Amino acid sequence: MVARGRAFRYGKPHSQMTGLKGGAMDQDQKKQQVGEAATAFIKPRLTNRSIVGVGTGSTANCFIDALADHRQLFDGAVASSEASADRLASHGIPVYDLNTVDEIEFYVDGADEIDGSNHMIKGGGGALTREKILASVAKQFVCIIDDSKRVRQLGHYPLPVEVIPMARSAVARSLVGLGGRPVLRENFVTDNGNVILDVFDLLISSPVELEAEINHLTGVLTNGLFARRKADVVMVGTERGPLVE
Ligand code: 5RP
């Protein structure tokens with residue numbers, strides 16, 4: 001899947017990341033690699049008026065940390081979660097309310113799974129609704145992943161669905177009707193005050209259609225399929241260095 005990408009253009013080659021020629025790279029190092037690569041990718045296009053859209057999760061955290069080194073090149077950020085907002089603020093990066101922002105050139109975020117058409121499952125961190133809002137507004141969605149996230153077909157990772165609490169059981173029954181096995185995410189409340197149903201056993205052969213179908217269930221705020229608004233650029237952390245696809 002990654003073979004058609006271009007290696008090394010936006011980041012350090014593998015030997016510089018591991019310090020060892022030929023040394024094995026773990027998943028965290030690959031996340032760090034793409035966090036830095038995404039920063040290098042957007043850096044030439046930043047101006048002192050730029051607002052960067054920032055995702056949520058461990059890969060997005062690597063991006064935030066790399067971006068912080070170039071704080072003087074842009075105005076600030078809009079975050080897809082309270083956690084990312086806190087991390088940005090801890091670096092001294094101003095965090096704006098989306099309602100006060102005219103334009104977001106780039107939205108940079110990770111994914112739980114991504115297929116060959118750049119359709120994704122997201123929401124492992126529970127921030128899917130705000131992530132989808134930022135993705136819908138941004139001109140370019142830059143997805144940053146380690147190479148374990150590329151899949152042939154979506155659905156091995158359980159699909160997160162954010163649900164208004166009082167509709168939890170009704171929505172769960174509907175999801176069973178679609179062939180899934182919804183499981184309530186224990187001890188978890190989203191930044192929007194809702195619950196998450198993680199749906200196992202869905203064979204997702206038509207992501208665009210399934211995304212719409214689940215979103216139309218009454219009580220669903222959004223689901224973690226990002227197929228209607230998919231990634232524009234995918235940066236993959238690999239043993240050979242970051243690939244751009
Ligand atoms: C959070 C997300 C994340 O992008 C996704 O879960 C990937 O996380 P990580 O970078 O930690 O593997 O959608 O809601």
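The values are calculated or read from the model by the stated rules, or taken from the named source; none is laboratory data. No experiment lies behind these values; they were computed from the predicted model shown. We place every Cβ from the backbone using ideal geometry, glycine too, and count neighbours over all the protein chains shown.
Checking segment 191-199 against the condition returns a match, with at least one residue being out of contact with any Pro (no Cβ under 9 Å at 6 or more places or on another chain) and within 16 Å of the ligand (Cβ to nearest atom). Which residue out of VAL95, VAL34, VAL101 is at pLDDT 95 or above, closer than 29 Å to SER148 by Cα and aliphatic (A, V, I, L, M)? None of the others qualify; the one that does is VAL34.
I'd like to check something: does segment 223-230 contain any residue that is more than 15 Å from the ligand (Cβ to nearest atom), under 22 Å from VAL108 (Cα atoms) and either surrounded by fewer than 22 Cβ atoms within 10 Å (Cβ to Cβ) or modelled with pLDDT under 95 (or both)? Yes, because at least one residue in segment 223-230 is more than 15 Å from the ligand (Cβ to nearest atom), under 22 Å from VAL108 (Cα atoms) and either surrounded by fewer than 22 Cβ atoms within 10 Å (Cβ to Cβ) or modelled with pLDDT under 95 (or both).
Tell me, which residue of segment 151-166 that is over 14 Å from ASN223 (Cα atoms) and not β-branched (Val, Ile, Thr) is farthest from the ligand (Cβ to nearest atom)?
Here the answer is MET166.
Take segment 64-91 and flag every residue that is more than 21 Å from LYS31 (Cβ to Cβ) and of a type in the set (S, T, N, Q). Within segment 64-91, GLN72 is the sole residue that qualifies. When residues in segment 59-78 are screened for being of a type in the set (Phe, Trp, Tyr) and crowded, with 24+ Cβ neighbours inside 10 Å, 1 of them pass. Applying the criterion of being more than 10 Å from the ligand (Cβ to nearest atom) and in a loop (DSSP other than H, G, I, E, B) to the residues of segment 99-112, the residue that is surrounded by the most Cβ atoms within 10 Å (Cβ to Cβ) is ILE104. Pairs are defined by a Cβ separation below 9 Å, a sequence spacing of at least 6 or placement on different chains, a first member in segment 89-104 that is in the same structural domain as PHE74 (by TED's automatic domain parsing), and a second member that is of a type outside the set (A, V, I, L, M) and in a loop (DSSP other than H, G, I, E, B); the pairs so defined are ILE93/PHE74; PRO94/ASP75; TYR96/ASP75; GLU103/ARG49; GLU103/SER50; GLU103/LYS139; ILE104/SER50; ILE104/LYS139. Pairs meeting the criteria (first residue in segment 30-47 and in the same structural domain as GLY76 (by TED's automatic domain parsing) and among the hydrophobic types (A, V, I, L, M, F, W, C), second residue assigned to a helix (DSSP H, G or I) and surrounded by fewer than 22 Cβ atoms within 10 Å (Cβ to Cβ), beta carbons under 9 Å, at least 6 apart or on different chains) are ALA37/ALA66; ALA38/ALA66; ALA40/ALA66; LEU46/HIS70; LEU46/LEU73. If you check GLY124, GLY116 for being under 28 Å from ILE204 (Cβ atoms), out of contact with any helix residue (DSSP H, G or I) (no Cβ under 6 Å at 6 or more places or on another chain), away from the ligand (no atom under 14 Å from the Cβ) and among the small types (Gly, Ala, Ser), only one passes: GLY116.
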